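J.: Just passing along the structure, written as C-alpha coordinates.
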Amino acid sequence: MSANNTEMLIGVGLRHAHFADILTQPKQVDFIEVHSENFFGEGGAALSVLNQVREKYPVSLHSTSMGLGSYQEIPQHYLDRLKKLTQMIDPFLMSEHACFTWGQQQGQLIHSGDLLPICHNHTSLDRMCEQVDKVQSFLGRQLIIENVSAYIKFNQSYLSEAQFLAELSQRTGAKILLDINNIAVNSINFEDGNIQQSINDYINTLSLNSVAQIHLAGCTPPSAGELVVDDHARPVSTEVWQGYEQALQRFGAIPTLIEWDNDLPEWMTLIGEANKARHIVNSVLNTNSPIVQKQVPTKDCQ
Amino acid sequence: MNEQQRLLTLIWNNDPTSLDKELDKELTEELAESGFDIRGVNIYR
(Lines give C-alpha, C1' and ligand atoms only; values in the text may rest on other atoms or scores of the structure.)
Protein backbone atom coordinates (compact mmCIF):
# COMPACT_ATOMS: atom_id res chain seq x y z
CA MET A 1 0.00 0.00 0.00
CA SER A 2 1.30 3.45 -0.87
CA ALA A 3 1.07 6.61 1.17
CA ASN A 4 -0.58 9.28 -0.95
CA ASN A 5 -0.42 12.08 1.57
CA THR A 6 2.54 11.53 3.85
CA GLU A 7 2.13 14.66 5.92
CA MET A 8 -0.44 13.53 8.47
CA LEU A 9 0.74 9.99 9.03
CA ILE A 10 1.27 8.50 12.48
CA GLY A 11 3.01 5.13 12.66
CA VAL A 12 4.69 2.66 14.96
CA GLY A 13 7.84 0.59 14.74
CA LEU A 14 6.96 -3.05 14.13
CA ARG A 15 8.93 -5.60 16.15
CA HIS A 16 8.74 -9.39 16.11
CA ALA A 17 6.62 -9.62 19.27
CA HIS A 18 3.81 -7.73 17.53
CA PHE A 19 3.72 -9.66 14.26
CA ALA A 20 0.51 -11.48 15.20
CA ASP A 21 -1.14 -8.23 16.36
CA ILE A 22 -0.38 -6.32 13.18
CA LEU A 23 -1.83 -9.10 11.04
CA THR A 24 -4.98 -9.70 13.11
CA GLN A 25 -5.92 -6.37 14.71
CA PRO A 26 -7.94 -3.67 12.91
CA LYS A 27 -5.89 -0.95 11.28
CA GLN A 28 -5.09 1.62 13.97
CA VAL A 29 -2.06 3.46 12.63
CA ASP A 30 -1.25 5.05 9.29
CA PHE A 31 2.06 3.35 8.59
CA ILE A 32 4.54 0.80 9.84
CA GLU A 33 8.29 1.15 10.11
CA VAL A 34 10.71 -1.78 10.25
CA HIS A 35 14.46 -2.14 10.56
CA SER A 36 15.68 -3.02 7.09
CA GLU A 37 18.41 -5.41 8.21
CA ASN A 38 15.90 -7.69 9.95
CA PHE A 39 14.52 -8.55 6.51
CA PHE A 40 17.74 -9.06 4.55
CA GLY A 41 17.42 -12.83 4.61
CA GLU A 42 16.09 -14.67 1.58
CA GLY A 43 12.55 -15.82 2.31
CA GLY A 44 11.42 -16.93 5.74
CA ALA A 45 8.58 -16.05 8.08
CA ALA A 46 9.66 -12.49 8.85
CA LEU A 47 9.74 -11.47 5.19
CA SER A 48 6.39 -13.17 4.65
CA VAL A 49 4.89 -11.09 7.47
CA LEU A 50 6.37 -7.92 6.03
CA ASN A 51 4.87 -8.65 2.64
CA GLN A 52 1.46 -9.16 4.25
CA VAL A 53 1.86 -5.95 6.25
CA ARG A 54 2.79 -4.21 3.02
CA GLU A 55 -0.63 -5.06 1.57
CA LYS A 56 -2.33 -3.19 4.40
CA TYR A 57 0.03 -0.37 5.39
CA PRO A 58 2.56 1.96 3.82
CA VAL A 59 5.97 0.82 5.06
CA SER A 60 8.99 2.88 6.01
CA LEU A 61 12.38 1.16 5.87
CA HIS A 62 14.63 2.34 8.67
CA SER A 63 18.20 1.11 8.36
CA THR A 64 20.54 0.86 11.32
CA SER A 65 23.76 -0.64 10.00
CA MET A 66 24.72 1.30 6.89
CA GLY A 67 27.08 3.69 8.67
CA LEU A 68 26.74 6.56 6.22
CA GLY A 69 29.28 8.61 8.14
CA SER A 70 32.00 5.95 7.99
CA TYR A 71 35.33 6.84 6.41
CA GLN A 72 35.40 3.16 5.47
CA GLU A 73 33.45 2.23 2.34
CA ILE A 74 30.02 0.70 2.92
CA PRO A 75 30.31 -2.92 1.69
CA GLN A 76 28.59 -3.48 -1.63
CA HIS A 77 26.89 -6.65 -0.35
CA TYR A 78 25.07 -4.51 2.24
CA LEU A 79 23.85 -2.08 -0.42
CA ASP A 80 22.83 -4.92 -2.73
CA ARG A 81 20.63 -6.45 -0.01
CA LEU A 82 19.09 -3.11 0.84
CA LYS A 83 18.32 -2.44 -2.81
CA LYS A 84 16.67 -5.82 -3.20
CA LEU A 85 14.49 -5.22 -0.14
CA THR A 86 13.65 -1.73 -1.38
CA GLN A 87 12.53 -3.08 -4.73
CA MET A 88 10.37 -5.69 -3.00
CA ILE A 89 8.72 -3.42 -0.41
CA ASP A 90 8.66 -0.09 -2.27
CA PRO A 91 8.81 1.91 0.98
CA PHE A 92 7.34 5.39 1.14
CA LEU A 93 10.26 6.52 3.32
CA MET A 94 13.86 5.28 3.68
CA SER A 95 16.01 6.42 6.54
CA GLU A 96 19.38 5.93 8.22
CA HIS A 97 21.45 7.59 10.93
CA ALA A 98 24.14 10.25 10.96
CA CYS A 99 26.71 7.91 12.42
CA PHE A 100 29.55 5.58 11.51
CA THR A 101 29.64 1.82 11.89
CA TRP A 102 32.42 0.48 9.66
CA GLY A 103 36.12 0.39 10.37
CA GLN A 104 39.09 -1.94 10.49
CA GLN A 105 40.83 -3.97 13.12
CA GLN A 106 44.08 -5.73 12.26
CA GLY A 107 43.39 -5.27 8.57
CA GLN A 108 39.93 -6.79 8.75
CA LEU A 109 36.68 -4.96 7.99
CA ILE A 110 34.56 -4.77 11.12
CA HIS A 111 31.12 -3.48 11.97
CA SER A 112 30.76 -1.69 15.28
CA GLY A 113 27.35 -3.18 16.08
CA ASP A 114 26.32 0.26 17.30
CA LEU A 115 25.54 3.73 15.99
CA LEU A 116 28.86 5.42 16.70
CA PRO A 117 28.92 9.21 16.68
CA ILE A 118 30.71 11.18 14.00
CA CYS A 119 32.85 14.24 14.32
CA HIS A 120 30.87 17.32 13.37
CA ASN A 121 33.36 19.13 11.15
CA HIS A 122 33.75 19.59 7.39
CA THR A 123 36.12 16.66 6.88
CA SER A 124 33.46 14.35 8.25
CA LEU A 125 30.68 16.22 6.47
CA ASP A 126 32.42 15.96 3.09
CA ARG A 127 32.77 12.21 3.60
CA MET A 128 29.17 11.73 4.62
CA CYS A 129 27.91 13.80 1.66
CA GLU A 130 29.96 11.54 -0.63
CA GLN A 131 28.42 8.42 0.92
CA VAL A 132 24.85 9.79 0.86
CA ASP A 133 25.22 10.80 -2.80
CA LYS A 134 26.51 7.35 -3.65
CA VAL A 135 23.75 5.48 -1.80
CA GLN A 136 20.94 7.70 -3.08
CA SER A 137 22.21 7.22 -6.60
CA PHE A 138 22.57 3.44 -6.20
CA LEU A 139 19.14 2.98 -4.64
CA GLY A 140 17.41 5.60 -6.78
CA ARG A 141 15.81 6.88 -3.57
CA GLN A 142 15.97 9.91 -1.37
CA LEU A 143 17.34 9.13 2.08
CA ILE A 144 16.20 10.64 5.35
CA ILE A 145 19.05 11.04 7.85
CA GLU A 146 18.45 10.83 11.59
CA ASN A 147 20.20 12.63 14.42
CA VAL A 148 21.58 10.17 16.96
CA SER A 149 21.91 9.75 20.69
CA ALA A 150 25.59 9.89 21.56
CA TYR A 151 27.66 8.98 24.58
CA ILE A 152 30.93 10.59 23.60
CA LYS A 153 31.86 13.75 21.71
CA PHE A 154 34.90 14.41 19.57
CA ASN A 155 37.22 17.27 20.46
CA GLN A 156 37.52 18.08 16.75
CA SER A 157 33.82 18.92 16.33
CA TYR A 158 33.08 22.58 15.72
CA LEU A 159 29.62 22.33 14.14
CA SER A 160 26.51 21.44 16.08
CA GLU A 161 24.78 18.28 14.90
CA ALA A 162 21.89 20.40 13.64
CA GLN A 163 24.27 22.58 11.60
CA PHE A 164 25.91 19.42 10.25
CA LEU A 165 22.58 17.89 9.18
CA ALA A 166 21.31 21.16 7.72
CA GLU A 167 24.37 21.42 5.46
CA LEU A 168 24.20 17.71 4.64
CA SER A 169 20.60 18.10 3.53
CA GLN A 170 21.36 21.17 1.47
CA ARG A 171 24.29 19.53 -0.31
CA THR A 172 22.80 16.07 -0.97
CA GLY A 173 19.06 16.60 -1.21
CA ALA A 174 18.58 14.10 1.60
CA LYS A 175 15.99 15.04 4.20
CA ILE A 176 16.24 14.97 7.97
CA LEU A 177 14.64 12.54 10.39
CA LEU A 178 14.23 14.49 13.60
CA ASP A 179 14.42 12.20 16.63
CA ILE A 180 13.26 14.37 19.46
CA ASN A 181 14.19 11.91 22.18
CA ASN A 182 17.76 11.81 20.85
CA ILE A 183 18.00 15.57 21.25
CA ALA A 184 16.71 15.18 24.82
CA VAL A 185 19.24 12.43 25.59
CA ASN A 186 22.14 14.51 24.28
CA SER A 187 20.87 17.54 26.16
CA ILE A 188 21.09 15.60 29.41
CA ASN A 189 24.38 13.89 28.59
CA PHE A 190 26.30 16.80 27.10
CA GLU A 191 24.51 20.04 27.80
CA ASP A 192 22.77 21.51 30.82
CA GLY A 193 19.72 19.27 30.52
CA ASN A 194 17.42 22.14 29.53
CA ILE A 195 15.62 19.90 27.06
CA GLN A 196 13.12 22.44 25.79
CA GLN A 197 15.91 24.92 25.03
CA SER A 198 18.00 22.22 23.34
CA ILE A 199 15.06 21.21 21.14
CA ASN A 200 14.26 24.81 20.35
CA ASP A 201 17.87 25.53 19.33
CA TYR A 202 17.98 22.37 17.25
CA ILE A 203 14.78 22.85 15.28
CA ASN A 204 15.47 26.52 14.65
CA THR A 205 18.76 25.56 12.97
CA LEU A 206 16.92 23.38 10.42
CA SER A 207 15.18 24.88 7.40
CA LEU A 208 11.39 24.56 7.25
CA ASN A 209 11.29 22.08 4.38
CA SER A 210 14.20 19.90 5.45
CA VAL A 211 12.46 17.60 7.95
CA ALA A 212 10.65 14.61 6.43
CA GLN A 213 9.96 12.46 9.47
CA ILE A 214 9.88 12.62 13.27
CA HIS A 215 10.75 9.83 15.72
CA LEU A 216 9.45 9.74 19.28
CA ALA A 217 10.59 7.34 21.99
CA GLY A 218 11.15 7.05 25.70
CA CYS A 219 14.08 5.77 27.69
CA THR A 220 14.98 4.57 31.15
CA PRO A 221 16.11 7.31 33.57
CA PRO A 222 19.81 6.93 34.47
CA SER A 223 21.29 6.30 37.88
CA ALA A 224 22.93 9.29 39.53
CA GLY A 225 26.14 10.27 37.77
CA GLU A 226 25.52 7.97 34.81
CA LEU A 227 24.76 8.87 31.21
CA VAL A 228 21.21 8.37 30.01
CA VAL A 229 21.01 5.55 27.46
CA ASP A 230 18.51 5.75 24.62
CA ASP A 231 17.06 2.29 25.19
CA HIS A 232 13.56 2.84 23.72
CA ALA A 233 12.14 1.01 26.72
CA ARG A 234 9.59 3.47 28.10
CA PRO A 235 6.66 5.61 27.00
CA VAL A 236 7.49 8.97 25.47
CA SER A 237 8.35 11.42 28.25
CA THR A 238 6.49 14.66 28.98
CA GLU A 239 9.53 16.66 27.83
CA VAL A 240 9.65 14.86 24.49
CA TRP A 241 5.90 15.36 23.94
CA GLN A 242 6.48 19.06 24.58
CA GLY A 243 9.35 19.00 22.11
CA TYR A 244 7.03 17.33 19.59
CA GLU A 245 4.62 20.24 19.95
CA GLN A 246 7.51 22.65 19.35
CA ALA A 247 8.53 20.72 16.22
CA LEU A 248 4.97 20.65 14.87
CA GLN A 249 4.64 24.37 15.43
CA ARG A 250 7.82 24.98 13.41
CA PHE A 251 7.58 22.37 10.65
CA GLY A 252 3.85 21.62 10.42
CA ALA A 253 2.54 18.09 10.02
CA ILE A 254 5.33 15.58 9.49
CA PRO A 255 5.03 11.76 9.40
CA THR A 256 5.66 10.69 12.97
CA LEU A 257 6.75 7.34 14.38
CA ILE A 258 6.60 5.88 17.86
CA GLU A 259 9.64 3.66 18.52
CA TRP A 260 9.73 1.03 21.26
CA ASP A 261 12.47 -1.61 21.17
CA ASN A 262 13.09 -2.97 24.67
CA ASP A 263 10.68 -4.14 27.36
CA LEU A 264 8.06 -4.13 24.64
CA PRO A 265 4.55 -3.33 25.84
CA GLU A 266 1.28 -4.82 24.65
CA TRP A 267 0.32 -3.78 21.14
CA MET A 268 -2.50 -1.56 22.41
CA THR A 269 -0.11 0.38 24.67
CA LEU A 270 1.98 1.13 21.61
CA ILE A 271 -1.15 2.15 19.72
CA GLY A 272 -2.01 4.38 22.69
CA GLU A 273 1.26 6.24 22.23
CA ALA A 274 0.46 6.69 18.53
CA ASN A 275 -2.97 8.02 19.46
CA LYS A 276 -1.39 10.47 21.84
CA ALA A 277 0.79 11.77 19.00
CA ARG A 278 -2.31 12.06 16.82
CA HIS A 279 -4.11 14.00 19.50
CA ILE A 280 -1.19 16.44 19.75
CA VAL A 281 -1.09 16.86 15.95
CA ASN A 282 -4.80 17.64 15.91
CA SER A 283 -4.48 20.01 18.83
CA VAL A 284 -1.39 21.91 17.65
CA LEU A 285 -2.30 22.07 13.97
CA ASN A 286 -6.06 22.29 14.42
CA THR A 287 -6.56 19.38 12.06
CA ASN A 288 -8.46 16.15 12.20
CA SER A 289 -5.94 13.41 11.60
CA PRO A 290 -7.97 10.57 10.14
CA ILE A 291 -7.56 7.07 11.49
CA VAL A 292 -8.11 6.94 15.23
CA GLN A 293 -10.18 9.47 17.11
CA LYS A 294 -10.56 7.68 20.39
CA GLN A 295 -7.84 8.29 22.96
CA VAL A 296 -6.21 5.34 24.69
CA PRO A 297 -4.77 6.40 28.05
CA THR A 298 -1.06 5.83 28.50
CA LYS A 299 1.25 6.32 31.41
CA ASP A 300 3.96 8.94 31.13
CA CYS A 301 7.55 8.09 31.87
CA GLN A 302 9.22 10.68 34.05
CA MET B 1 44.73 7.05 12.68
CA ASN B 2 41.54 9.05 12.14
CA GLU B 3 39.12 9.74 14.97
CA GLN B 4 36.72 6.96 13.94
CA GLN B 5 39.44 4.34 13.89
CA ARG B 6 40.74 5.62 17.22
CA LEU B 7 37.32 5.22 18.84
CA LEU B 8 36.77 1.78 17.31
CA THR B 9 40.17 0.65 18.57
CA LEU B 10 39.37 1.91 22.05
CA ILE B 11 36.06 0.08 22.04
CA TRP B 12 37.45 -3.08 20.50
CA ASN B 13 40.73 -3.62 22.25
CA ASN B 14 40.13 -3.20 25.93
CA ASP B 15 38.95 -5.96 28.12
CA PRO B 16 35.32 -5.33 29.06
CA THR B 17 35.72 -7.45 32.18
CA SER B 18 38.12 -4.86 33.57
CA LEU B 19 35.85 -1.87 33.10
CA ASP B 20 34.95 -1.55 36.73
CA LYS B 21 38.56 -1.71 37.82
CA GLU B 22 41.02 1.11 37.85
CA LEU B 23 41.88 2.09 34.30
CA ASP B 24 45.43 1.54 33.20
CA LYS B 25 47.60 4.59 32.66
CA GLU B 26 47.87 4.24 28.90
CA LEU B 27 44.12 4.03 28.42
CA THR B 28 43.52 6.93 30.79
CA GLU B 29 45.92 9.09 28.80
CA GLU B 30 44.34 8.02 25.52
CA LEU B 31 40.87 8.87 26.74
CA ALA B 32 41.99 12.26 28.02
CA GLU B 33 43.77 13.05 24.76
CA SER B 34 40.72 12.07 22.72
CA GLY B 35 38.33 14.01 24.94
CA PHE B 36 36.32 10.84 25.58
CA ASP B 37 34.41 10.11 28.74
CA ILE B 38 35.03 6.53 29.89
CA ARG B 39 31.35 6.23 30.77
CA GLY B 40 30.51 6.83 27.11
CA VAL B 41 33.16 4.43 25.81
CA ASN B 42 31.81 1.77 28.15
CA ILE B 43 28.28 2.19 26.79
CA TYR B 44 29.52 1.34 23.30
CA ARG B 45 31.40 -1.75 24.47
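The values are calculated or read from the model by the stated rules, or taken from the named source; none is laboratory data. Being a predicted model, the structure only gives us computed values, none of them experimental. In this analysis, Cβ positions are derived from the backbone assuming ideal geometry, glycine residues included, and neighbour counts consider all displayed protein chains. Ligands, DNA and RNA are excluded from the accessible area calculation, which covers all protein heavy atoms including side chains. Shrake-Rupley method; radii C 1.70, N 1.55, O 1.52, S 1.80 Å.
J.: If you check A:Gly218, A:Gly193, which single one turns out to be modelled with pLDDT under 95, open to solvent by less than 70 Å² (accessible area, probe 1.4 Å) and not basic (Lys, Arg)?
T.: A:Gly193
J.: Taking the residues in the range A:78-122 that are open to solvent by 40 Å² or more (accessible area, probe 1.4 Å) and in a loop (DSSP other than H, G, I, E, B) as candidates, determine which candidate is nearest to the other protein chains (Cβ to nearest Cβ).
T.: A:Gln106
J.: To continue, here is another question. Restricting to the range A:153-204, what's the tally of residues that are under 19 Å from the mean Cα position of the chain (by Cα), farther than 20 Å from A:Glu245 by Cα and of a type in the set (A, V, I, L, M)?
T.: Residues that pass the stated criteria total 4.
J.: Also: Please count how many residues of the range A:123-148 are of a type in the set (S, T, N, Q), open to solvent by less than 10 Å² (accessible area, probe 1.4 Å) and within 14 Å of chain B (Cβ to nearest Cβ).
T.: 2
J.: Something else: Suppose the filter is closer than 30 Å to A:Glu167 by Cβ and not in a strand (DSSP E or B); does A:Leu47 pass it?
T.: No; evaluated as a whole, the condition is false for this residue.
J.: When you scan the range A:173-180, do you find a residue that is in contact with a helix residue (DSSP H, G or I) (Cβ under 6 Å, 6 or more places away or on another chain) and without any contact (Cβ under 8 Å) to a residue 12 or more places away in the chain, even just one?
T.: No, the range A:173-180 contains no residue that is in contact with a helix residue (DSSP H, G or I) (Cβ under 6 Å, 6 or more places away or on another chain) and without any contact (Cβ under 8 Å) to a residue 12 or more places away in the chain.
J.: Among (1) open to solvent by 10 Å² or more (accessible area, probe 1.4 Å); (2) in contact with a Gly (Cβ under 8 Å, 6 or more places away or on another chain), where does A:Ser60 come up short?
T.: (1)
J.: Considering the range A:196-212 alone, what residues qualify as being surrounded by 24 or more Cβ atoms within 10 Å (Cβ to Cβ) and not β-branched (Val, Ile, Thr)?
T.: A:Tyr202
J.: Within the group A:Met88, A:Met1, which residue is modelled with pLDDT under 95 and farther than 30 Å from B:Gln4 by Cα?
T.: Of A:Met88, A:Met1, the one residue that is modelled with pLDDT under 95 and farther than 30 Å from B:Gln4 by Cα is A:Met1.
J.: So which of A:Ser65, A:Ser60 ends up being touching a residue at least 12 places away in the same chain (Cβ under 8 Å), assigned to a loop (DSSP other than H, G, I, E, B), within 21 Å of A:Leu177 (Cβ to Cβ) and among the polar types (S, T, N, Q)?
T.: Just a single option satisfies the conditions, and that option is A:Ser65.
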